[in-house]
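Values quoted throughout were computed directly from the atomic coordinates according to the rules given, and no laboratory measurement underlies them. All values reported here derive from a predicted model rather than from experimental measurement. Here Cβ is always computed from backbone atoms with ideal geometry, including for glycine, and neighbour counts include all displayed protein chains.
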């Protein structure tokens with residue numbers, strides 16, 4: 001099958017149906033497993049599955065990578081680099097890399113379709129796509145339109161307070177939470193909500209700064225909750241930090257709504273309306289898991305013009321924050337409807 005065939009999905013020539021071949025390198029991890037679940041039931045692609053006994057066989061991995069029209073890498077940074085540089089020898093294989101190593105690399109396309117209107121076409125035509133990190137999605141898509149609209153000065157240093165389900169930390173974090181004693185919380189993971197990444201040098205900072213259009217890296221305070229998946233990303237902005245006086249949550253929502261009204265996987269929630277009330281449990285609580293098992297990002301703005309406004313993004317860290325977004329990019333690269341196989 002030629003690379004051009006992969007770009008347009010699958011073709012029917014007489015009685016022969018040629019489907020694009022998709023291979024997931026690292027299908028046993030949390031991101032790879034969710035991607036496989038999203039692709040398993042589809043009949044418009046051919047999913048290449050390496051046998052468990054061959055997953056550490058270098059030659060077998062290389063053979064699968066090079067047989068694919070699109071390879072999705074769900075590996076740690078160094079292993080992903082090895083796969084691209086040493087195992088992937090066929091120039092026709094296109095790649096989606098879910099690691100953090102190439103997200104700010106000019107030779108790779110940043111795989112966030114909602115970044116700006118031309119990004120979809122760039123992803124669809126690219127041979128090398130770097131899937132975004134989970135935390136950056138909610139921050140970037142909340143902040144960037146406000147800078148572009150002149151509501152927020154790009155020189156303002158921002159703070160992000162965020163919480164994720166523990167699947168976002170990969171195998172080691174999943175094991176730490178799953179194996180910890182849970183006698184105090186029967187049926188729950190053993191560890192409580194925990195702050196981490198306290199060195200202020202988190203690996204997501206470069207892409208957060210670059211693609212949000214901010215001039216300084218944000219002060220990022222991530223935490224992990226004792227639930228498997230879900231994510232909230234909160235960016236508080238004091239009133240005096242806005243580029244003009246009297247900015248209200250309604251004005252923030254209007255900017256978001258104008259930018260994302262036609263986006264299938266971004267829901268902007270108008271402040272103070274019935275929809276917002278329905279999404280707040282008991283009228284006061286914004287649940288971590290409200291977008292779980294979807295590829296959707298919810299955007300909220302809370303506060304007022306005198307004190308300030310908190311920008312909040314909610315998503316599934318394995319959905320729009322990882323696996324779902326990777327499948328969205330895959331669909332664009334195959335020339336298919338970007339929502340194929342995904343839930344909003």
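Is the shape of the range 134-317 rounded, prolate or oblate, going by the alpha carbon gyration tensor and its root eigenvalues a ≥ b ≥ c, with a/c under 1.5 for rounded and a/b larger than b/c for prolate? Before the final figure, lay out each step's value.
Details: a/c = 2.01, a/b = 1.50, b/c = 1.35.
It comes out prolate by the Cα gyration axes.
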### Message
With a cut-off of 8 Å between alpha carbons and a minimum separation of six or more residues, what is the relative contact order of the range 134-317 in percent?
### Response
29 percent
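Starting with the fewest neighbours, write out 156, 31 ranked by other beta-carbon atoms found within 10 Å of each beta-carbon.
Numbers: 156 18, 31 27.
Ordered from fewest to most neighbouring Cβ atoms within 10 Å, 156, 31 come out as 156, 31.
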### Summary
Computed over the chain: longest principal axis from alpha-carbon atoms vs helix 249-260 long axis, angle to nearest 10 degrees, is 20 degrees
### Task
Springs between alpha-carbon atoms under 10 Å, Gaussian network over the chain: tell me which of 297, 198, 88 tops the mean-square fluctuations.
198
### Message
Just to confirm my numbers, what's the Cα centroid distance between the range 12-71 and the range 290-325 in Å?
### Response
31 Å
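In what sequence do 96, 237 fall when counting other Cβ within 10 Å, fewest first?
Result, fewest neighbours first: 237, 96.
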### Query
With r defined as the distance between the Cβ atoms of residue 66 and residue 149 and R0 fixed at 51 Å, what FRET efficiency is calculated, to the nearest 0.05?
0.65
### Query
What distance in nm separates the simple spin-label points at residue 306 and residue 159, each placed 7 Å from Cα in the Cβ direction?
2.1 nm
### Task
Give the angle, between 0 and 90 degrees and rounded to the nearest 10, that separates the Cα long axis of helix 134-148 from the longest principal axis of the Cα atoms of the chain.
60 degrees
### Most fluctuating residue given options 239, 322, 53, as computed from a GNM of the chain linking Cα atoms under 10 Å
53
### Query
In the Gaussian network model of the chain, springs joining C-alpha atoms below 10 Å, which of 300, 139, 242 carries the largest mean-square fluctuation?
242
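Per-residue ellipticity at 222 nm for the chain, helices alone: DSSP H runs ≥ 4 residues times -39500 (n - 2.57), over residue total, nearest 500 deg cm²/dmol? If you can, show how the numbers build up before the last one.
Values: 11 runs with 100 residues, N = 344.
For the chain, the value works out to -8000 deg cm²/dmol.
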### Summary
For the range 212-282, averaging the sequence separation of alpha carbon pairs under 8 Å that lie six or more residues apart and dividing by its residue count, the contact order in percent is 16 percent
### Task
Once you have a ≥ b ≥ c as the square roots of the Cα gyration tensor eigenvalues for the range 225-295, tell me rounded if a/c is under 1.5, and otherwise prolate or oblate according to whether a/b is larger than b/c.
prolate
### Degrees separating the helix 58-67 axis from the principal Cα axis of the chain, which is the longest one
80 degrees
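Return a whole-number percent for the relative contact order of the chain, with Cα pairs under 8 Å and 6 or more residues apart as the contact set. Before the final figure, lay out each step's value.
Details: 728 pairs, mean separation 65.0, N = 344.
Relative contact order here is 19 percent.
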### Summary
When 275, 207, 118, 305 are arranged by how many other beta-carbons sit within 10 Å of their Cβ, fewest first, they go 118, 275, 305, 207
